[in-house]
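Q: Have a look at this one.
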Amino acid sequence: MRKTALITGITGQDGSYLSEFLINKGYTVHGIIRRSSSFNTGRIDHVFEKVKLHYGDMIDSSNLASIIGKVRPDEIYNLAAQSHVKVSFEMPEYTAECDGVGTLRLLEAIRTCGLEKTTRFYQASTSELYGLVQEIPQTEKTPFYPRSPYACAKLYAYWTVVNYREAYGMFAVNGILFNHESPRRGGTFVTKKITSAVAHIAAGRQECLTLGNLDSKRDWGHAMDFVEAMWLMLQQDTPDDFVIATGKQISVREFCEMSFKMAEMPIKWVGDGISEVGLCEKSPQHPNRSWLRTAITHCLPVGKLLVEAFPTSDQQTQPTPGCQANSQDLFRNLPNPLAAAQHPTCSLLT
């Protein structure tokens, strides 16, 4: 029998890739989108006729229960969230309602509709739960130490999923996902900010790129691999929580170097601290052109971003909670483990 899946956040990066993946698996795919005065379905336009969309919101309990009651899905993937760390400091209450209590609303809606024994539930958790890291590398057993309203909301959602799994016997799992990118990544995230800037500089539409801490390290995978991991979690015999990562860290500096090199604009670093700049290493037209400059940023408890020496860009980057290592025990107990690097980071430029 053909399975039915319901995806919240279907118009986001992960939601669009997951909808493609499930359609190819033969699923009937439903998605929840928020009402907007402008079109917000750009990432799923190519599969628009193959998915069934419902207007809804994570802060509306009756609406969510109504949708779940009508669709009666075999699997629910909760990807909807206010997912920007810096914005969560500016909108902490909304972030808590959407990312934290929203998960509770979905789980209660499943029970209200009498589907707690048949519907499997995936919760998109985050490596931001680790925040101030307590051990390296992080695993499923590493203590959490959230350091933003976003991470705190996700922590509430995480333990809500565990509680409903244990209290009601529901098949509900958390996927603790480290950073995963793609050409569909939103422009406020540093990877897309860098790659977009490289393209604009190459086209002569931008002078240079301003960034914060160049030595901040992240584990960047590809979203296509990660959505397959989401699906694999719901295919297990028993529910459990998993850390999903590539196990390899790359600094913002290295990411910049690879990105500019892909566009045949290799850079060299000159100076240090706030005076450090990235100069075009080989360009007959612009032999000493500065492609990139840095601005020191500080993550304060109240979420304020202090910028020294240069003004901030209109594209915001996430505060850096600290260097996060990753679980080397990738896809443990999952069948057909995924290749960790099917999609190299530099392919974001293509």
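Q: Could you list all residues from segment 118-134 that are assigned to a loop (DSSP other than H, G, I, E, B) and open to solvent by 10 Å² or more (accessible area, probe 1.4 Å)? Reasoning before the result, please.
A: Of the residues in segment 118-134, the ones assigned to a loop (DSSP other than H, G, I, E, B) are 118-119, 130-134.
Correct list: THR118, LEU132, VAL133, GLN134.
Q: When you scan segment 178-188, do you find a residue that is of a type in the set (A, V, I, L, M, F, W, C) and open to solvent by 10 Å² or more (accessible area, probe 1.4 Å), even just one?
A: no
Q: Is it true that some residue in segment 298-316 is in a loop (DSSP other than H, G, I, E, B), modelled with pLDDT of 90 or more and among the β-branched types (Val, Ile, Thr)? Show your work before the answer.
A: Just the residues of segment 298-316 that are in a loop (DSSP other than H, G, I, E, B), to begin with: 300-304, 308-316.
Adding the requirement that they be modelled with pLDDT of 90 or more leaves none.
No, the conditions are met nowhere in segment 298-316.
Results for (1) among the hydrophobic types (A, V, I, L, M, F, W, C); (2) touching a strand residue (DSSP E or B) at 6+ places or on another chain (Cβ under 7 Å), shown as yes or no for each residue.
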residue: TYR156; (1), (2): no, no
residue: VAL161; (1), (2): yes, yes
residue: ARG165; (1), (2): no, yes
residue: PHE171; (1), (2): yes, yes
residue: ASN174; (1), (2): no, yes
residue: THR191; (1), (2): no, yes
residue: SER196; (1), (2): no, no
residue: ALA199; (1), (2): yes, no
residue: ALA203; (1), (2): yes, no
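Q: Consider only pairs whose beta carbons are under 6 Å apart and that are at least six residues apart or on different chains; among these, list those whose first residue lies in segment 9-25 and is closer than 14 Å to LEU232 by Cα and whose second residue is open to solvent by 30 Å² or more (accessible area, probe 1.4 Å) and assigned to a helix (DSSP H, G or I).
A: That search, which allows pairs on different chains as well, returns nothing.
Q: Among the residues of segment 38-89, what is the count of those that are among the β-branched types (Val, Ile, Thr), under 27 Å from LYS25 (Cβ atoms) and in contact (Cβ under 8 Å) with a residue 40 or more places away in the chain? Give the steps one after another, and end with the answer.
A: At the first step, the residues of segment 38-89 found to be among the β-branched types (Val, Ile, Thr) are 41, 44, 47, 51, 59, 67-68, 71, 76, 85, 87.
Subset that is under 27 Å from LYS25 (Cβ atoms): 41, 44, 47, 51, 67-68, 71, 76.
Filter again for in contact (Cβ under 8 Å) with a residue 40 or more places away in the chain, leaving 51, 67-68, 71, 76.
Counting residues in segment 38-89 that are among the β-branched types (Val, Ile, Thr), under 27 Å from LYS25 (Cβ atoms) and in contact (Cβ under 8 Å) with a residue 40 or more places away in the chain gives 5.
Q: In addition: If only one of ALA202, ALA223, ALA172 is within 23 Å of the chain's Cα centre (by Cα) and not assigned by the TED database to the domain that holds HIS84, which one is it?
A: On the way: ALA202 fails: within 23 Å of the chain's Cα centre (by Cα); ALA172 fails: not assigned by the TED database to the domain that holds HIS84.
Just a single option satisfies the conditions, and that option is ALA223.
Q: Same structure, new question: Given the structure, is ASP14 open to solvent by 40 Å² or more (accessible area, probe 1.4 Å) and closer than 25 Å to PRO149 by Cα?
A: On the way: open to solvent by 40 Å² or more (accessible area, probe 1.4 Å): no; closer than 25 Å to PRO149 by Cα: yes.
Considered against the rule, which asks whether it is open to solvent by 40 Å² or more (accessible area, probe 1.4 Å) and closer than 25 Å to PRO149 by Cα, ASP14 comes out as no.
Q: Another question, if that's okay. Which numbered condition trips up ARG2, out of (1) under 20 Å from SER182 (Cα atoms); (2) open to solvent by 60 Å² or more (accessible area, probe 1.4 Å); (3) not aromatic (Phe, Trp, Tyr)?
A: Of everything listed in (1) under 20 Å from SER182 (Cα atoms); (2) open to solvent by 60 Å² or more (accessible area, probe 1.4 Å); (3) not aromatic (Phe, Trp, Tyr), ARG2 misses just condition (1).
The values are calculated or read from the model by the stated rules, or taken from the named source; none is laboratory data. Computed from a prediction, not measured in an experiment: that's the story for all the values here. When we count neighbours, we look across all protein chains shown, and the Cβ atoms used for this are built from the backbone with ideal geometry, even at glycine. The accessibility values were calculated without ligands, DNA or RNA, using every heavy atom of the protein model including side chains. Shrake-Rupley method; radii C 1.70, N 1.55, O 1.52, S 1.80 Å.
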